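So the structure is just underneath, and the comments pick up after that.
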Amino acid sequence: MPVFFFFFMPSPFFLVFRLARKIPSRVSSSSPFSSRSFSLGDAPAGRFSSLLREFSKDVVGVKSVHAQIVVNDIGSEQRLATVLVSVYRDLGCLEYARKVFDQIPHPEAPICTAVLVGYLRRELYDEALAFFELMRSRDLEIDDRACNFALKACSMVSDYERGMDVINIAVNKGIQRNQFLASSMVNFLMNFGKVKEARMIFDGLRVRDVVCWNSIIGGYVQARQFNDAFVLFFEMCKYGVRPNPVTMASMIQACEGVGSLDLGKSVHGFVLCLEMGDDVLVLTSLVNMYAKLSDVVNARRVFDSMTTRNLVSWNAMISGYVQNGFVHEGFELFSQLLKNRCRLDSGTMVSLLHGCALTANFESGKMLHGFLYRAGFELDVILGTALVDLYSKCGALSWALSVFSSTPNKNVITWTAMLVGLAQNGHAEEALWLFSDMQQEGVAANSITLVSLVHSCAHLGSLKKGKSIHAYLLRNGYALSVVNMTALIDMYAKCGKVEHTDRVIHYSPVSEKDVVLWNSLIGSYGMHGFGDRALAAFHQMKEEGVLPNESTFVSLLTACNHSGMVEEGVALFHSMQNDHNIRQSEKLYACFVDLLSRAGHLKEAEALVEEMPFNSSSASLEALLNGCRTHKNVDLGVKTADKLLCLGVANPGVYIVLSNIYAVARQWDKVDHVRQLMRQCGLKKTPGYSLIEIGNQLHTFLAGDSSHPQQPEIDQIVDNLKTEVEASGYVPDTSCILRDVDESVKVKLLWGHSERLAIAFGLLCTPAGSLIQIIKNLRVCNDCHNVTKYISKIVQREIVVRDANRFHHFKNGKCSCNDYW
Ligand SMILES: [Zn+2]
Ligand SMILES: [Zn+2]
């Protein structure tokens, strides 16, 4: 009854039975059913070795052979133990392998290496390095292979110190010329940017195979020393070493690095001569190179020529399309990839998300997000960051925030994407809050984070927060690069501290001041109406040998404009072409028209608009229109407004001026027409708001706002102010109220303007005599400008208002802008 027989037979017997049938001669003569009589006896170690190899897929089999080895007391025979370790290791039983090793009194190099390889394969790098330490402490033999593997472990855990220890051991033992080890050493050193050291090892080699050459050439490419890579490549060919696909992939990458399409094409030709025209690695590198060098057509040609493609090839082509702005083609290829039922990775998805972000394509982005979800992608930090960036760029902040909050292991790039998103979508204050969260989480900011924060502070006019970020930069040893300095100058200027900008510029070395930095400084002087300082900075800039550009003159003209320096402005406008060879662009003309019309030279401004070498641009006409409003030239105003309407306007601010002009001219049908246009275009007047910083907190007021917790006190102060300014001779100018309501209602609306509420709150919360600083997002209206002058005199305070155009310093009944703004 065979069934019973098997049922009762203990399994080791069965195995021994199976074993026995394979063991030759003497052993097989014994009865297989008696464990005592069955013994592998003195079967030589070699036979056990071949037996182990035969059982290499069968753990139980290997274990029983192991048992016999122990019974036969030949477990410490080195070669047999090495085989046993390798077999256990390959079966994934690393603990058994290690136990075998531990029982050998004096393990030789091969068995040590076998264990070391086991740790590396299981990616247990720390254990591998601990094992290597044990080898050293027990003074076991360390050969080139052991060094090689230990070095790989050091690379994986990025441990430079220990890696150098291993290299020193190899050099002391004189085994550094082994080709494998040498290649590893070169790779290791290159990974840590130690180009010179790697080169020394490479130069010390007598024989260099293609792997060695690839290590050094690849290292130079990674270090972005492309010329050295090319020199070595030619040397390699001179020595008669035939390049392999890895070499060529590096060289293609080098062409991409130097940005030379011609060079890339010749390397492509060379690849074809080497008959590598069907190698996936080489062809994918070519696709990548052509795409990065903006030659999408050739990238696609190479891609189409590929007989086999892997996911990396697909990703290269898809991201190539997306990065060159061919988002549609990228998506088409993506659907082809889906049809081919290839497995996707997050690389593909990230480049597509990036494409949607580039084009701010919210709908496609959402679709992809849904796809990710259905395809079972886990939201990791890379995908999360891409999604946050995408939704931020599309202005879909609530989506961005929801992805942000569920992204695990957020890194500095994720945080920065969210911060920049908030800042750029007008939520500067929330960006600053997020920054404190980021600090609490212990994530260190990078320069992009900090620049966007400085911009946020500038936008909010929050000097305290701006200063604290400046301090953070200094404290954490961020080199004040030109970008940071430019941002800081802008911030201090927008927060009303021109004197701080001087300090920033003073501390920056001459060599680091570029034209952008100077422009920012000149612009900040202009914003505060310090035209003379702006001109002085311009002269200093020229003395320091920095050439001005178009933006410099835009800032200069604006500065002259805000300071009423017409003569200087005219001189500058003529000198820019004659002395500085800068073309008088449309933008510069618009600035110049603005300068003339603000100063009341409306005839000259009108003539300039007529004579411009371009079709009259809306910017110039808008400037002229503003001048007409300020100087109450209704006829020219209406003429200009008519022209602007023909051009079509996209700026809601302009519609307001237009309807103002028509209202002043009592052309009510046109006022209605303009309003209708606004509605048709979907343009709504941006709601005005004012900000004031009290203590560490920013307070925001909207027009007609009554939501502030201290509203009763604020209302009381507004009422008092109203009585007092009226007693001093203030008469309300209701022309900026466009609503068709009673005069008394218009006056009431004026007193609800956000800057008045903010000023009242400032008076409530700050000590007598101190400065009040307010930020208004739009241009200050005529009446608020007028009433603020009165208030400054009555309360004996300096009131600084930053509006969309410039700074107004109100003091003792006057404003620094001389009523031109
Ligand atoms: Zn107002
Ligand atoms: Zn003013």
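Across the stretch 363-404, the number of residues qualifying as over 22 Å from residue 434 (Cβ atoms) and not hydroxyl-bearing (Ser, Thr, Tyr) comes to 12. The C-beta contact set for the stretch 568-582 (first residue farther than 14 Å from residue 542 by Cα, second residue surrounded by fewer than 15 Cβ atoms within 10 Å (Cβ to Cβ) and of a type in the set (Lys, Arg), distance under 9 angstrom, 6+ apart or interchain) comprises 577/583. Within the stretch 344-357, if we keep just the residues that are of a type in the set (Gly, Ala, Ser) and either crowded, with 21+ Cβ neighbours inside 10 Å or touching a residue at least 60 places away in the same chain (Cβ under 8 Å) (or both), the residue that is nearest to residue 380 (Cα to Cα) turns out to be 351. Which of the residues that make up the stretch 358-400 are closer than 18 Å to residue 325 by Cα, of a type in the set (Gly, Ala, Ser) and surrounded by 22 or more Cβ atoms within 10 Å (Cβ to Cβ)? Those that are closer than 18 Å to residue 325 by Cα, of a type in the set (Gly, Ala, Ser) and surrounded by 22 or more Cβ atoms within 10 Å (Cβ to Cβ): 365, 386.
Residues in the stretch 713-744 that are surrounded by 12 or more Cβ atoms within 10 Å (Cβ to Cβ), within 15 Å of ligand 1 (Cβ to nearest atom) and under 30 Å from residue 669 (Cα atoms): 732, 733, 734, 735, 736, 737, 738.
State whether the residues of the stretch 71-80 include one that is surrounded by 20 or more Cβ atoms within 10 Å (Cβ to Cβ) and free of Cβ contacts under 8 Å to residues at least 40 places away in the same chain. Yes, because at least one residue in the stretch 71-80 is surrounded by 20 or more Cβ atoms within 10 Å (Cβ to Cβ) and free of Cβ contacts under 8 Å to residues at least 40 places away in the same chain. Filtering the stretch 314-328 to residues that are at pLDDT 90 or above and among the aromatic types (Phe, Trp, Tyr) leaves 314, 321. Any residue at all in the stretch 35-57 that is modelled with pLDDT of 80 or more, part of a helix (DSSP H, G or I) and under 54 Å from the mean Cα position of the chain (by Cα)? Yes, that holds for at least one residue. For the stretch 760-790, residues that are in a helix (DSSP H, G or I), at pLDDT 90 or above and within 16 Å of ligand 2 (Cβ to nearest atom) total 8. In the stretch 791-821, the residue that is nearest to ligand 1 (Cβ to nearest atom) out of those that are on the phi > 0 side of the Ramachandran plot and modelled with pLDDT of 90 or more is 813. For the stretch 679-690, the count of residues that are modelled with pLDDT of 80 or more, away from ligand 2 (no atom under 16 Å from the Cβ) and either over 17 Å from residue 737 (Cα atoms) or in a strand (DSSP E or B) (or both) is at least one.
The conditions of being assigned to a helix (DSSP H, G or I) and within 25 Å of residue 278 (Cβ to Cβ) are met by residue 249. When 699, 753 are checked against the criterion of being closer than 25 Å to residue 496 by Cβ and away from ligand 1 (no atom under 16 Å from the Cβ), a single residue qualifies: 699. Taken as a whole, the condition of being touching a residue at least 24 places away in the same chain (Cβ under 8 Å), more than 16 Å from ligand 1 (Cβ to nearest atom) and not charged (D, E, K, R) does not apply to residue 692. Only one of the listed residues (241, 287) is outside any helix (DSSP H, G or I) and either within 27 Å of the chain's Cα centre (by Cα) or surrounded by fewer than 23 Cβ atoms within 10 Å (Cβ to Cβ) (or both). That residue is 241.
Annotation: of all residues in the stretch 688-727 being among the small types (Gly, Ala, Ser) and farther than 25 Å from residue 779 by Cα, the one that is farthest from the chain's Cα centre (by Cα) is 727. Being under 32 Å from the mean Cα position of the chain (by Cα) and of a type in the set (Asp, Glu) narrows it down to one of 228, 278, 209, 203, so name that one. Testing whether each residue is under 32 Å from the mean Cα position of the chain (by Cα) and of a type in the set (Asp, Glu) leaves just 228.
Restricting attention to the stretch 792-811, the residues that are more than 13 Å from ligand 2 (Cβ to nearest atom) and hydrophobic (A, V, I, L, M, F, W, C) add up to 2.
Yes/no matrix, rows are residues, columns are (1) among the aliphatic types (A, V, I, L, M); (2) at positive phi; (3) modelled with pLDDT of 90 or more:
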| residue | (1), (2), (3) |
| --- | --- |
| 574 | no, no, no |
| 577 | no, no, no |
| 593 | yes, no, yes |
| 602 | yes, no, yes |
| 612 | yes, no, no |
| 616 | no, no, no |
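The residue that is nearest to residue 368 (Cα to Cα), among those in the stretch 329-343 that are assigned to a helix (DSSP H, G or I) and among the charged types (D, E, K, R), is 332. Does the stretch 769-787 include one or more residues that are free of Cβ contacts under 8 Å to residues at least 40 places away in the same chain and within 15 Å of ligand 1 (Cβ to nearest atom)? The answer is yes, given that some residue of the stretch 769-787 is free of Cβ contacts under 8 Å to residues at least 40 places away in the same chain and within 15 Å of ligand 1 (Cβ to nearest atom).
The values are calculated or read from the model by the stated rules, or taken from the named source; none is laboratory data. These figures come from a predicted structure and were not determined experimentally. Quick reminder, even Gly has a Cβ in these numbers, built from the backbone with ideal geometry, and neighbours come from all protein chains shown.
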